[in-house]
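Here's the structure we're looking at; comments come further down.
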Amino acid sequence: MAVATRIDPKTLFTPQEWASLSNRSTWKGLALIAHAWVVILAAAAVAVIWPLTIPLAVMIIGGRQLGLAIMMHDAAHGALHKNLKVNDWAGEWLTGGGLHRYRPYHLTHHKFVQQAEDPDLVLSAPFPITPTSLRRKIVRDLTGQTWFKQRFGLVRGQLAARKAGEPLWPILKAEIVRKRRLLIGAAVTIALTAPFGLWWAWFVLWLLPQATWLQMITRLRNIGEHACVAKDERDPFRCARTTYAGPIARAFVAPYWVNYHCEHHIFMHLPCYSLPKAHRLLLSKGLGPQMEIRGSYMEVLRLAASKRPPATFAAA
């Protein structure tokens, strides 16, 4: 097992620089969670008032759903709040949940990044792919096929493997338990909105963004982070990628500084709001050429879809 190489931050930063980077705020992480929810509610309210804005709302809400996942990710590293009990509670209950299942999985990714034991290697290993293949993946994301497979693939497999006469209820019960937060959230939201004639709001303004736009930008994020990075790469400056993101990309694709992924892997316990400063300090120390950096997500997509399709020959 080839454990990922670690860098002592003291070899790169002064004590004052590192203290300013590694300080965990008691309010910034919670404020970012609040910001994500406020944006979601504001976009939903505008969409209810002006239904023509629903497509835009789907993109905005999907982007903030990813933002909540980023906050849960920070909590997995103990970086969301200075108090670890508050950190874990907020990461589990204010971001959509799943922290306690996600943490061991994700820390294994950091321990063995780009190595055979990396559980996320399957996400980056296929790249580069052909442009046609990438388009097919994006279409599956935007049409909900990816979401359906991820959410219901297990129960579909269990139902398909069920023997004749085997009871159905235990399989369905286990699936209900796994989906209980989704079901409770749906029931509460529908109960609160239905008296106002907005029974559809949860389906259109929460489930639809989650099943479509969130799936696509999660794929784009995964591609930006590790696609076309060499397998078995041990250099901590090269095993993950930072992708520059302008205002539009930050609003719809890469919220809350998730694009600074190289810095995150070098210093995985830094809060997300410290990553831009860490990036600037590394550049100021002349380390930019050693790092895996790309200028935009479009540049990364061109790299990820750079595989040439097999040549075809016309019949003589």
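Taking R0 as 45 Å, what's the FRET efficiency between Val38 and Lys10 from their Cβ-Cβ distance, rounded to 0.05?
After rounding to 0.05, the efficiency reads 0.70.
Of Glu175, Glu292, Glu92, which is the most mobile in a GNM of the chain whose springs link Cα atoms less than 10 angstrom apart?
Glu175
I'd like the distance separating the alpha-carbon centroids of the stretch 215-283 and the stretch 24-78, in whole Å.
19
Local charge sum around Lys82 (other residues, Cβ-Cβ under 11 Å, Lys/Arg +1, Asp/Glu -1)?
On the way: positive: Arg24, Lys28, Lys85; negative: none.
My count for the surroundings of Lys82 gives +3.
Below 12 angstrom from the Cβ of Tyr256, what's the summed charge of the other residues (Lys, Arg +1; Asp, Glu -1)?
On the way: positive: Lys28, Arg64, Arg221, Arg250; negative: Asp74.
So the environment of Tyr256 carries a net charge of +3.
Treat each spin label as a single point 7 Å out from the Cα along the C-beta direction, and report the Leu84 to Tyr273 distance in nm.
2.2
Could you sort the peptides 300-310, 78-88 by per-residue average Cβ neighbour count (10 Å cutoff), highest mean leading?
Answer by packing, highest mean first, reads 78-88, 300-310.
Given a 10 angstrom Cα cut-off, can you work out which residue in Val177, Val113, Val39 is the most mobile in a GNM of the chain?
Maximum among the listed residues: Val177.
Would you calculate, for the chain, the mean residue ellipticity at 222 nm contributed by helices, counting each DSSP H stretch of 4 or more residues as -39,500 (n - 2.57) and dividing by all residues, to the nearest 500?
Value at 222 nm, helices only: -17500 deg cm²/dmol.
Label the stretch 157-289 by shape, choosing from rounded, prolate and oblate, from the square roots a ≥ b ≥ c of the eigenvalues of the Cα gyration tensor; if a/c is under 1.5 it is rounded, and otherwise prolate applies when a/b is larger than b/c, oblate when it is not.
Oblate.
Ratio of alpha-carbon Rg to the 2.2 N^0.38 Å globular estimate for the chain, to two decimals, please.
In units of the 2.2 N^0.38 Å rule of thumb, it is 1.09.
How large is the charge dipole for the chain, taken about the Cα centre, if only the Cβ atoms of Lys, Arg (+1) and Asp, Glu (-1) carry charge, to the nearest 20 debye?
The calculation lands at about 480 debye.
Based on the Cα atoms of the stretch 14-64, what semi-axes does the equivalent ellipsoid have, where each is the square root of 5 times one gyration tensor eigenvalue, given in whole Å with the largest first?
The answer is 36, 11, 6 Å, longest axis first.
Over the chain, calculate the relative contact order: mean separation of alpha carbon pairs under 8 Å at least 6 apart, over the residue count, as a percent.
Result for the chain is 25 percent.
Calculate the spin-label point distance for Ala186 paired with Ala31, positioning each point 7 Å from the Cα along the beta-carbon direction, and give it in nanometres.
The answer from the label model is 3.7 nm.
Sort Asp8, Asp118, Asp232 so that the residue with the fewest other Cβ atoms within 10 Å of its own Cβ comes first and the one with the most comes last.
Asp8, Asp232, Asp118
Each value in this text was obtained by applying a stated rule to the coordinates, not by laboratory testing. Since the model is a prediction, treat every value here as computed from it, not as a measurement. Reconstructed Cβ throughout: ideal geometry from the backbone, glycine too, with neighbour counts over all protein chains shown.
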